[in-house]
Amino acid sequence: MNKKEENILEQLFDGRIFPEESLCLNNPEYHKVNKAFNKEKDRLLKLVPDSDFQTFSTMEDLHNKLCNIFGFEGFVTGYKLGIKLLFEALKRSDESETSEKLNQ
């Protein structure tokens with residue numbers, strides 16, 4: 001294992017890798033939509049009476065939880081797909097090596 005791989009594994013083991021912190025930082029569309037969302041949210045909050053603010057806040061918390069669940073499930077699905085791709089690539093590599101040895 002080379003130094004870079006060891007460093008990544010060490011960081012992962014130590015809990016020093018936080019990929020979610022850099023997910024959308026370079027995506028201009030994310031920033032555009034996020035700005036528009038916050039603008040509309042602020043506009044809506046000005047319209048909501050104080051008596052309904054808690055309802056809005058609860059709804060926002062539930063929406064955030066749904067987004068987190070969706071993000072987690074997407075992560076797990078992507079991770080599983082990546083592992084399946086790796087296994088298939090390794091299997092094909094092994095098959096090619098076996099075929100080459102048989103043809104010698």
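Mind checking which residues of the range 1-36 are exposed (fewer than 10 other Cβ atoms within 10 Å of the Cβ), of a type in the set (S, T, N, Q) and modelled with pLDDT of 75 or more?
Within the range 1-36, just Asn26 meets the criteria.
Which residue pairs have Cβ atoms closer than 7 Å, lie 6 or more positions apart in sequence or on different chains, and pair a first residue in the range 13-31 that is farther than 21 Å from Tyr79 by Cβ with a second residue that is part of a loop (DSSP other than H, G, I, E, B)?
Note: pairs meeting the criteria are Tyr30/Cys24.
Return the residues of the range 37-57 that are part of a loop (DSSP other than H, G, I, E, B) and either modelled with pLDDT of 95 or more or surrounded by 10 or more Cβ atoms within 10 Å (Cβ to Cβ) (or both); say none if nothing qualifies. Let's see the steps before the verdict.
At the first step, the residues of the range 37-57 found to be part of a loop (DSSP other than H, G, I, E, B) are 48-49.
Listed by number, the list holds a single entry, Val48.
In the range 56-104, which residues are within 30 Å of Leu44 (Cβ to Cβ) and of a type in the set (Lys, Arg)?
Answer for the range 56-104, where residues must be within 30 Å of Leu44 (Cβ to Cβ) and of a type in the set (Lys, Arg): just Lys65.
What number of residues within the range 6-42 are within 23 Å of Phe56 (Cα to Cα) and of a type in the set (Val, Ile, Thr)? Full working, then the answer.
Let us first name the residues in the range 6-42 that are within 23 Å of Phe56 (Cα to Cα), namely 33-42.
Adding the requirement that they be of a type in the set (Val, Ile, Thr) leaves 33.
The number of residues fulfilling the criteria is 1.
For the range 58-77, how many residues are modelled with pLDDT of 90 or more and more than 19 Å from Asn34 (Cβ to Cβ)?
Total meeting the criteria: 5.
The values are calculated or read from the model by the stated rules, or taken from the named source; none is laboratory data. These numbers come from a predicted model, not from an experiment. Cβ: placed from backbone, ideal geometry, glycine included. Neighbour counts: every protein chain shown.
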